[in-house]
Amino acid sequence: MKTILVFVSTVDGKITKSGDPHVKKWTSLKDQEYFKKIWSESQLIILGSGTFDAEPITPPLNNLLVIMTRNISNYKKYEVLGHLEFSDKSPVELTEQFEKRGFKTMIVAGGAHIATSFLKEQLIDELWLTIEPKIFGTGGNFVIEEDLDINLTLISFEKVNEKGTLITKYSVDKTIK
């Protein structure tokens with residue numbers, strides 16, 4: 001199964017503006033359209049509970065949205081089996097579970113803790129990163145402080161508006177160092 005990490009960031013690597021989790025307030029219309037397309041075409045999307053709590057989320061109609069949380073009981077009222085599920089499994093356990101269920105692609109799309117946990121376990125195959133031409137100075141990064149050493153290879157990039165928003169795609173180099 002291919003696992004793709006999808007994020008939007010400023011040029012200085014921030015995914016939130018001064019800690020405000022509402023990404024739609026500062027991302028370009030082109031990035032929002034791009035994310036909607038990914039969202040609608042993906043059969044399996046993984047988010048963290050912080051992302052779920054921050055943005056009103058409507059699961060894609062024919063897809064499965066899984067929210068990773070340590071407190072499943074807090075979210076039981078939202079669960080719709082096969083459509084919107086909550087899990088306290090590790091990234092390795094989730095990946096194995098969905099590979100066994102026959103999923104071909106898994107999108108990891110929200111939360112620095114979730115992104116870091118998948119990266120740390122070397123489960124990410126590609127990084128799709130929109131780079132917005134902004135500098136915030138303060139805000140969250142898409143990985144938390146963790147000792148990582150991951151090499152990427154550029155697959156493609158596209159300038160999508162006059163401001164210079166770039167949609168980039170990288171493969172993760174998984175060769176042994």
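The values are calculated or read from the model by the stated rules, or taken from the named source; none is laboratory data. What you see is a predicted model; the values in this text were computed from it and never measured. Cβ: placed from backbone, ideal geometry, glycine included. Neighbour counts: every protein chain shown. SASA here: full protein model, heavy atoms, side chains in, ligands and nucleic acids out. Shrake-Rupley method; radii C 1.70, N 1.55, O 1.52, S 1.80 Å.
Yes or no: the stretch 131-138 includes at least one residue that is among the aliphatic types (A, V, I, L, M), open to solvent by 20 Å² or more (accessible area, probe 1.4 Å), without any contact (Cβ under 8 Å) to a residue 24 or more places away in the chain and outside any loop (DSSP other than H, G, I, E, B).
Checked the stretch 131-138: no residue is among the aliphatic types (A, V, I, L, M), open to solvent by 20 Å² or more (accessible area, probe 1.4 Å), without any contact (Cβ under 8 Å) to a residue 24 or more places away in the chain and outside any loop (DSSP other than H, G, I, E, B).
Starting from residues that are touching a helix residue (DSSP H, G or I) at 6+ places or on another chain (Cβ under 9 Å) and modelled with pLDDT under 90, keep the ones in the stretch 21-43 and report whichever is surrounded by the most Cβ atoms within 10 Å (Cβ to Cβ).
My answer is Val23.
Any residue at all in the stretch 99-107 that's assigned to a strand (DSSP E or B), modelled with pLDDT of 95 or more, surrounded by 13 or more Cβ atoms within 10 Å (Cβ to Cβ) and among the hydrophobic types (A, V, I, L, M, F, W, C)? Even if it seems obvious, please write down each step before you answer.
Going through the stretch 99-107, the residues assigned to a strand (DSSP E or B) turn out to be 105-107.
Subsequent filtering for residues that are modelled with pLDDT of 95 or more retains 105-107.
Add one more test, that the residue is surrounded by 13 or more Cβ atoms within 10 Å (Cβ to Cβ), and what stays is 105-107.
Right, trim to among the hydrophobic types (A, V, I, L, M, F, W, C) and you get 106-107.
For the stretch 99-107, residues assigned to a strand (DSSP E or B), modelled with pLDDT of 95 or more, surrounded by 13 or more Cβ atoms within 10 Å (Cβ to Cβ) and among the hydrophobic types (A, V, I, L, M, F, W, C): present.
Taking interchain pairs and intrachain pairs at least six residues apart, which have beta carbon atoms under 7 angstrom, with the first residue in the stretch 9-29 and closer than 9 Å to Phe136 by Cβ and the second open to solvent by 50 Å² or more (accessible area, probe 1.4 Å) and in a strand (DSSP E or B)?
Listed by first residue and then by second, the contacts come to Trp26/Lys17.
Can we say Tyr78 is modelled with pLDDT under 90 and of a type in the set (Ser, Thr, Tyr)? Break it down into steps so the answer makes sense when it comes.
Numbers: modelled with pLDDT under 90: yes; of a type in the set (Ser, Thr, Tyr): yes.
Spelling it out, Tyr78 is indeed modelled with pLDDT under 90 and of a type in the set (Ser, Thr, Tyr).
Considering only the stretch 158-172, state which residues are in a loop (DSSP other than H, G, I, E, B), surrounded by 11 or more Cβ atoms within 10 Å (Cβ to Cβ) and among the charged types (D, E, K, R).
The first filter runs over the stretch 158-172 and keeps only residues in a loop (DSSP other than H, G, I, E, B), leaving 160-165.
Add one more test, that the residue is surrounded by 11 or more Cβ atoms within 10 Å (Cβ to Cβ), and what stays is 160-161, 163-165.
Passing the criteria: only Lys163.
All but one of (1) at pLDDT 95 or above; (2) assigned to a loop (DSSP other than H, G, I, E, B) hold for Thr153; state the number of the condition that does not hold.
Answer for Thr153: the failing condition is (2).
Kindly indicate the residue of the stretch 45-94 that is open to solvent by less than 10 Å² (accessible area, probe 1.4 Å) and in contact with a Leu (Cβ under 8 Å, 6 or more places away or on another chain) and also nearest to Gly111 (Cα to Cα) among those meeting that condition.
Leu47
In the stretch 116-124, is there at least one residue being in a loop (DSSP other than H, G, I, E, B) and open to solvent by 80 Å² or more (accessible area, probe 1.4 Å)? Let's see the steps before the verdict.
First, pick out the residues of the stretch 116-124 that are in a loop (DSSP other than H, G, I, E, B): 121-124.
If we keep only those that are open to solvent by 80 Å² or more (accessible area, probe 1.4 Å) as well, we get 121-122.
Within the stretch 116-124, one or more residues are in a loop (DSSP other than H, G, I, E, B) and open to solvent by 80 Å² or more (accessible area, probe 1.4 Å).
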